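Read through the structure below, which is laid out as structure tokens, and then see the notes.
The values are calculated or read from the model by the stated rules, or taken from the named source; none is laboratory data. Just so it is clear, the structure is predicted and the values come from calculations on it, not from any experiment. Note that we place each Cβ from the backbone using ideal geometry, even for glycine, and neighbour counts take in every protein chain shown.
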Amino acid sequence: MDDEPAALKFGGWEFFLEEGKTPVGVVLVHEIFGFNDYVKSVAREFSRNGYWAAAVDIFRGKKPATLEEGRSIRESLTKEEAVDALGNGLKLLRERIGGKARVGTMGFCMGRGVAFARCVQSGIRLLHQLLRNGSED
């Protein structure tokens, strides 16, 4: 799918959803510079490979111009809000995929901590973390 991911509201959060052909999906959490074209490209790549991807904008549309701005936005986000965003992403994927859904989370740099917190809290077994340069952590 080369089109822009469909934007939708779910559980009070904005998600960009790319549909897959398998019962496997991942919630993507952006890095400290906010939701951007890179996260969208990763969602598209998951879809091209048959997987569902729901990228959540945990900064609620804020686009930090600097690292300091990003840190400030991140610090204003509570752990409960971040976990809620991921929880809603997991619920969204399970609803869209159906009964045999297998879902997990993936975070980019700052997003990996958010993804990890949700995994620990809910017993999710799939977590993948990437650094900005694409290397695995």
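Numbers below:
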{"item": "Sole residue being part of a strand (DSSP E or B), exposed (fewer than 13 other Cβ atoms within 10 Å of the Cβ), more than 11 Å from the chain's Cα centre (by Cα) and modelled with pLDDT of 90 or more, chosen from Lys21, Lys9", "result": "Lys9"}
{"item": "Near pairs, Cβ below 8 angstrom, 6+ apart or cross-chain, from segment 44-58 (part of a loop (DSSP other than H, G, I, E, B)) to any residue that is among the acidic types (Asp, Glu)", "result": "Asp57/Glu14; Ile58/Glu81"}
{"item": "Qualifying residue in segment 34-41 (condition: out of contact with any Leu (no Cβ under 9 Å at 6 or more places or on another chain), modelled with pLDDT of 90 or more and polar (S, T, N, Q))", "result": "yes"}
{"item": "Among (1) within 22 Å of Gly12 (Cβ to Cβ); (2) charged (D, E, K, R); (3) surrounded by fewer than 19 Cβ atoms within 10 Å (Cβ to Cβ) - the single one Asp37 does not satisfy", "result": "(1)"}
{"item": "Residue identified as in a loop (DSSP other than H, G, I, E, B) and either charged (D, E, K, R) or in contact with an Asp or Glu (Cβ under 9 Å, 6 or more places away or on another chain) (or both) among Lys62, Lys91, Lys40", "result": "Lys62"}
